1. Just the residues that are among the polar types (S, T, N, Q) and modelled with pLDDT of 95 or more, please, taken from segment 48-81.
2. Among (1) modelled with pLDDT of 95 or more; (2) part of a loop (DSSP other than H, G, I, E, B), where does R124 come up short?
3. Just checking, does segment 42-58 include any residue being surrounded by 15 or more Cβ atoms within 10 Å (Cβ to Cβ), β-branched (V, I, T) and not in a strand (DSSP E or B)?
4. Among the residues of segment 7-21, is there at least one that is over 23 Å from A127 (Cβ atoms), hydroxyl-bearing (S, T, Y) and either at pLDDT 95 or above or not in a loop (DSSP other than H, G, I, E, B) (or both)?
5. Got at least one residue in segment 111-120 being charged (D, E, K, R), in contact with an Asp or Glu (Cβ under 8 Å, 6 or more places away or on another chain) and either on the phi > 0 side of the Ramachandran plot or at pLDDT 95 or above (or both)?
Amino acid sequence: MGRCKMPLDMYDLKPEGMIAYLRYNGYHFNKKMCEWAVKQMRMISPTTGKEERLEMLSKEKVEEMLQTNGLQLENLVGYDHVYVANMCSADFWGKSIKDEQQMAQYVKDMVDDTDQKDGFIFNRFYADCCHNGMPIPWEDLL
């Protein structure tokens, strides 16, 4: 029996704001959505051990980090790479990711993952928001 190639959420009802967002951005981050998503991120401070907000890595900083480490993204769309770098910083920095070279490679590995369907990074973010009961203010993020 063959694999189903159709997304299983294809027939889910989507809010009107989400449909408008997807019409302009597809399943990818634009600048506003990326900034909003990063504002929701928290990290454990390595110095205090307390949860705190993440200081966002800018698009320029992420691109500089990739360039400094000799990496070029083949499947770059919108702000997906910026979201991945910030998520990596919040979740893995100082643990499994020890330095900027490893972070840059992680961003490349995620963005250029050849066995993933287009939009998988944004789709994972959306699934996490749904699972965590976090509504997305779609109209504000167009």
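1. Pass one, segment 48-81, residues among the polar types (S, T, N, Q): 48, 58, 67-69, 72, 75.
If the condition is that a residue be among the polar types (S, T, N, Q) and modelled with pLDDT of 95 or more, then S58, Q67, T68, N69, Q72, N75 are the ones that fit.
2. Only one criterion is unmet by R124, namely (2).
3. no
4. Within segment 7-21 (the criterion being over 23 Å from A127 (Cβ atoms), hydroxyl-bearing (S, T, Y) and either at pLDDT 95 or above or not in a loop (DSSP other than H, G, I, E, B) (or both)), the answer is no, since none of the residues qualifies.
5. For segment 111-120, residues charged (D, E, K, R), in contact with an Asp or Glu (Cβ under 8 Å, 6 or more places away or on another chain) and either on the phi > 0 side of the Ramachandran plot or at pLDDT 95 or above (or both): present.
The values are calculated or read from the model by the stated rules, or taken from the named source; none is laboratory data. Computed from a predicted structure; not experimentally measured. Cβ atoms come from the backbone with ideal geometry, glycine included; neighbour counts cover every protein chain shown.
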